[in-house]
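The next block holds one structure in the form of structure tokens; read it before the comments.
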Amino acid sequence: MSYLAKTPEGLLPCPHCGGEAEARDGSSTTPYIRCKSCGCRTGSSHDIDRLKAAWNRRVESTCHYVYDKEICAWRCSECGGLEPVGDHVRYCPDCGARIEDEVGE
């Protein structure tokens, strides 16, 4: 795992612990933004502006997961992103919205 050449300016503190955010990338992953203290992170994307927007939006928006019958999976009500498999998270890794609850069909 390595640091990106430069962490984007203007990242808000972590919504969980208030820690400092950093942009990361690695040989087997695309870039993402994470908290240096607790490890909370965004989804991965090569679009750094999208990652920054998702990280900074975490403290402002909420969502819930809605079950998508066509693909038998839960989707974020804000961005349509899929819930990570086997990992119940409190924030959508794609758009950064805080997950309030899961809603059936």
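The values are calculated or read from the model by the stated rules, or taken from the named source; none is laboratory data. Computed from a predicted model, the values in this text were never measured in an experiment. Positions of Cβ are backbone-derived with ideal geometry, glycine not excepted, and every protein chain shown enters the neighbour counts.
Does Glu60 satisfy the condition of being among the acidic types (Asp, Glu), modelled with pLDDT of 85 or more and more than 11 Å from the chain's Cα centre (by Cα)? Break it down into steps so the answer makes sense when it comes.
On the way: among the acidic types (Asp, Glu): yes; modelled with pLDDT of 85 or more: no; more than 11 Å from the chain's Cα centre (by Cα): yes.
Considered against the rule, which asks whether it is among the acidic types (Asp, Glu), modelled with pLDDT of 85 or more and more than 11 Å from the chain's Cα centre (by Cα), Glu60 comes out as no.
Give me the pairs, please: first residue somewhere in region 64-76 and assigned by TED's automatic domain parsing to the domain that holds Arg90 and farther than 18 Å from Asp94 by Cα, second residue anywhere and small (Gly, Ala, Ser) and crowded, with 17+ Cβ neighbours inside 10 Å, beta-carbon distance under 9 Å, and either six or more positions apart or on two chains.
none
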